[in-house]
Amino acid sequence: MAARAIGVDLGGTNARAALVDAETGAIVSLSREVLADRSPAAVVEAVARVVAGVAGPGGARAFRTLGVGVAGQVLGASGLVLNAPNLGWRDVPLSGMLEGRLGVAVGVVNDLAAAAWGESRFGAARGTGDALVVFVGTGVGSGLVLGGRLHGGARGVAGELGHVKVRPPRPGEAPRRCGCGAVGCLEAYAGGANVAARVRSELAAGARSSIREGRGGDLSRVTAVQVEEAAAAGDAYARRLWDEVGELLGGAIAAAATLLNPQRIVLGGGMLLGSPTLLEIVEWRIRTETSRSAAVALEVVKAELGDGAGVIGAALLGGLDRPA
């Protein structure tokens, strides 16, 4: 029987566990649960249930290790979640809590680090030792593979592209606060949830756009989907917004590419891949703003594993490919 491992993708709204074929990256089975209660104790129980849903006879103990990717900053190999804005967590010892509940060793990493490793092993970054993986969905996240290894930096929190500062406070302008608590973060301007909130606010204040009709005039239902539809149809407001978001997002990725000189940039996430107009702007910015020397052999590609990247990467990092 092929080697198998269990990975968990823990986001702000749901927990997903997958049994993964560690030789091919194929997902053998998948279990998912919506998080009605996001307190650490309740989430640990939710993780235990989804793991049980894929573990089979013997439960988690039959696998000895478990990998978890969480949407937050994780302190190195300690498994301590320093800050997970979408869960409302700070300084949560997630690894220790899960080990106590499941009776197995648990490796906890940032969810985009897990996704980056999944794409590196079996997806769009396979075949290269140096890749920057950027996903734009509800938020903005990224992971780094450098020299063939997942790169976490001195404290394990490298790759937080969504929290680089791209818009310093300006006189007379109300700063946009990020879920991490800081102002000026890329995620505050380019993350899907924040883009949708901005559009709703500006339309309510009188901005003129066809987006208003996208959900029958119900502004509470407006998402990035309507922005893309309007931009593709030539709506001036939507085009200006996508130009601004694309400039900030593409510029930040280009700066990272100039600094790190990856061979490949992998772009993913529902908002970015679901918005061809925005994606074109971002790709153009990357091409034109990355330094000439770093851009010579740079490849910009789309992610291949979709939502599976995180659970596949987490499964591998929890055991066979666990970072030192």
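What follows is calculated from the coordinates using simple rules that are stated; it is not laboratory data. Just so it is clear, the model here is predicted, and its values are computed rather than measured. Neighbour counts run over all protein chains shown; Cβ positions are idealised from the backbone, glycine included.
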Net charge around R61, counting only other residues with Cβ within less than 15 Å of its Cβ (Lys, Arg = +1; Asp, Glu = -1)?
+2
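What does DSSP give for the chain in terms of the percent of beta bridges that are antiparallel, rounded to the nearest 5?
So the antiparallel bridges in the chain amount to around 60 percent.
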Where does helix 236-260 land angle-wise versus the long Cα axis of the chain, in degrees 0 to 90, nearest 10?
50
How big is the convex hull of the Cα atoms of the stretch 1-151, per residue, in Å³?
105
Compute the signed sum of charges (Lys and Arg +1, Asp and Glu -1) over the other residues within less than 15 Å, Cβ to Cβ, of L305.
-1
As I understand it, the value is the acute angle between the Cα axis of helix 276-289 and the longest principal axis of the Cα atoms of the chain; what does it come to in degrees, rounded to 10?
90
Is the stretch 168-278 best put as rounded, prolate or oblate by its Cα gyration tensor, with a ≥ b ≥ c the root eigenvalues, rounded for a/c under 1.5, and otherwise prolate when a/b is larger than b/c, oblate when not?
oblate
For the stretch 128-302, percent of DSSP beta bridges that are antiparallel (nearest 5) comes out at 55
What percentages, rounded to whole numbers, describe P(r) for the chain computed over all alpha carbon pairs with 10 Å bin width beginning at zero?
6, 27, 33, 23, 10, 1, 0
Signed unit charges on C-beta, dipole axis of the chain, positive-most listed residue G56, W242, V81:
V81
Determine the sum of side-chain charges near E33: Lys and Arg each +1, Asp and Glu each -1, restricted to other residues whose C-beta is under 9 angstrom from that of E33.
+3
With θ set to phi - 60°, apply the Karplus curve 6.51 cos²θ - 1.76 cosθ + 1.60 along the stretch 140-150 and write out the HN-Hα couplings as whole Hz, x wherever there is a Gly or Pro.
10, x, 8, x, 10, 10, 10, x, x, 10, 5
